[in-house]
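Report on the structure given below.
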Amino acid sequence: MGTPSITPLNAGTPGILRRTSAPAPGIVHLGLGNFHRAHQAVYTDAAIEAHGGDWGIIGVSNRSTAITDALRAQDMLYTVVEISPEGSAFSVPRVHSEAFTAAGNPERLREAIGAPETRIVSLTVTENGYTYSPATGSLNLNDPAVQHDLATFESPRTPIGQIVRGLQQRARTHGEPVTILSCDNLADNGHHSRRLVREFASRLPGKEAAEALDWIDARVTFPSSMVDRIVPATTEHYRRLVAGSCGYSDRIPVPAEPFTMWIVEDDFIAGRPAWEAGGAVFSDEVAGYEQLKVRLLNGTHSLIAYLGALSGAATIPDSVAHPFIEQAARSVLRREYLPSVSVPADVDVDAYEVQLFSRWRNTALGHRSSQVGSDGSVKLRQRIPVPALQMLDAGRMPHLLALTTAAYLTCVAPLAGFNPGQHAAAMDDPARALLTGLAAQSRSGRELAERVLANHHLLGEELAARADFIERTGELIDTLRAHGPLAAVAEAENS
Ligand code: CS2
């Protein structure tokens, strides 16, 4: 890495992060992870800096106290470390006014979402946080956390339950409108969030359901937004870098690539910060941008991560450095994802692809293949079915989407006797136990694909009925197991 260029900081007392005042809150944000702190927080900081406004953020983690404790110890401050091969730049967003966990402070959370000053509730809870069923896309009523939240008022565990309880509080007190803003990689994320919130509300007991639904329909908006910035997990390396370069200790610095993008539908019933000041774009074409991003970037990212992990590559840059993985990534992006996307008028797809590969090659960032490969059961549901079904309906087999599914299953649910390696073993997945159980009952890739896709509808009901896609996935699992990723890519490319 080159010489760091340091963005001037106003960090107060040398040695620690300190500030003198906090912005008055207007936003409650669920999901205090690295992505939020390197994305919406940075845009909000720029908006307040340029135009003022009471748009401070009350940050809420679901259970983990690691970030909330550190934020409180650091006056709600932390460093964003922008990493490029040329060097690092440091900045400190000053937007959080409070931080707590939903698990430890359910009443404070209800009060915060219910407060008239709160005009936006935003979310970065990952695909997994929406507690939807990959099979149907609806609220997952088999999820014990959803069942818990529907049964008891006191301390909701799911973001959807927490939001509905907070909205009920608003409806019953002052009735002021509010916007729910999803900032997760879900296709049509505004509509998806609205659907899940309404499904939850419709299951409230007695008259509560109709009351909540009427109020939500009249007083709550759910704009869609496309968010983009590659933000890896923090490591000790970044803590040392901040200490050495900035002269203070920060327990929770956030590494991020220089690239950042936010396209938002302008449907904020109770106002919003001037996020344009940070470069956000308000557009009526969010759906096209979301498709572009969730499929070309995230979908291709998944294939790179799974093939990379199976090739022993710890990071995304190490994975795309394999020419056969780069080739597979280009093919899936161009031939299988792109035809399903309504590309927004001002996007140059060639330039977008060049930029994607350059972002994926950012070796300084060290984005791990196990991080991108985690939660595949909920991520792939967003990425694969629509483009795969479009190709199948047109009489063509999406070989590389089948390969993505096969490589995913080979990583998280390996058949007996096959070891997918340490990077695959490090992938978390809410369906891992289920899938491992199905793998234990299967003697071949075909049997596994049949159990996972046809019986368990892991990629939704429509793909569950496509025997040709399932068979192709099964064959590719067998090739991956017997001959490795290079042979599987050659087979998928040349079919
Ligand atoms: C990645 C995303 O983990 C993943 O599935 O594809 O986190 C990706 O890095 C971001 O969406 C980039 O904006």
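Worth a mention:
- When SER138, SER155 are checked against the criterion of being more than 24 Å from GLY288 (Cα to Cα) and surrounded by fewer than 21 Cβ atoms within 10 Å (Cβ to Cβ), SER155 stands alone in meeting it.
- In this structure, VAL242 does not satisfy being closer than 23 Å to PRO25 by Cα and crowded, with 21+ Cβ neighbours inside 10 Å.
- Per this entry, TYR408 is not counted among residues that are under 22 Å from the mean Cα position of the chain (by Cα), surrounded by fewer than 18 Cβ atoms within 10 Å (Cβ to Cβ), assigned to a helix (DSSP H, G or I) and within 16 Å of the ligand (Cβ to nearest atom).
- Failed criterion for SER442 (all others in (1) in contact with a Ser or Thr (Cβ under 7 Å, 6 or more places away or on another chain); (2) outside any helix (DSSP H, G or I) hold): (1)
- The listed residues are PHE259, PHE268, and the only one of them that is within 23 Å of LEU181 (Cα to Cα) and either within 13 Å of the ligand (Cβ to nearest atom) or of a type in the set (S, T, N, Q) (or both) turns out to be PHE259.
- Test for SER358: is it within 16 Å of the ligand (Cβ to nearest atom), out of contact with any Pro (no Cβ under 9 Å at 6 or more places or on another chain), free of Cβ contacts under 8 Å to residues at least 24 places away in the same chain and part of a helix (DSSP H, G or I): yes
- Selection from segment 429-448 of residues that are buried (at least 21 other Cβ atoms within 10 Å of the Cβ) and closer than 17 Å to LYS379 by Cα: ASP429, LEU435
- Helices (runs of 4 or more DSSP H) fully within segment 8-91 counting 1 or more residues that are touching a residue at least 12 places away in the same chain (Cβ under 8 Å) and farther than 25 Å from PRO258 by Cα: 66-73
- Identity of the residue in segment 285-338, polar (S, T, N, Q), farther than 22 Å from ARG396 by Cα and within 15 Å of the ligand (Cβ to nearest atom), that ends up nearest to the chain's Cα centre (by Cα): ASN298
- Any hit, segment 363-372, residues being surrounded by fewer than 18 Cβ atoms within 10 Å (Cβ to Cβ), more than 13 Å from the ligand (Cβ to nearest atom) and under 29 Å from HIS456 (Cβ atoms): no
- When ASP188, ASP184, ASP143, ASP214 are screened for being surrounded by fewer than 20 Cβ atoms within 10 Å (Cβ to Cβ) and within 16 Å of the ligand (Cβ to nearest atom), only ASP188 passes.
- Qualifying residue in segment 242-254 (condition: acidic (Asp, Glu), under 27 Å from THR363 (Cβ atoms), at pLDDT 95 or above and more than 15 Å from the ligand (Cβ to nearest atom)): yes
- Some residue of segment 320-341 being outside any helix (DSSP H, G or I) and over 17 Å from PRO485 (Cβ atoms): yes
The values are calculated or read from the model by the stated rules, or taken from the named source; none is laboratory data. Given the structure is predicted, the values throughout are model-derived calculations rather than measurements. Quick reminder, even Gly has a Cβ in these numbers, built from the backbone with ideal geometry, and neighbours come from all protein chains shown.
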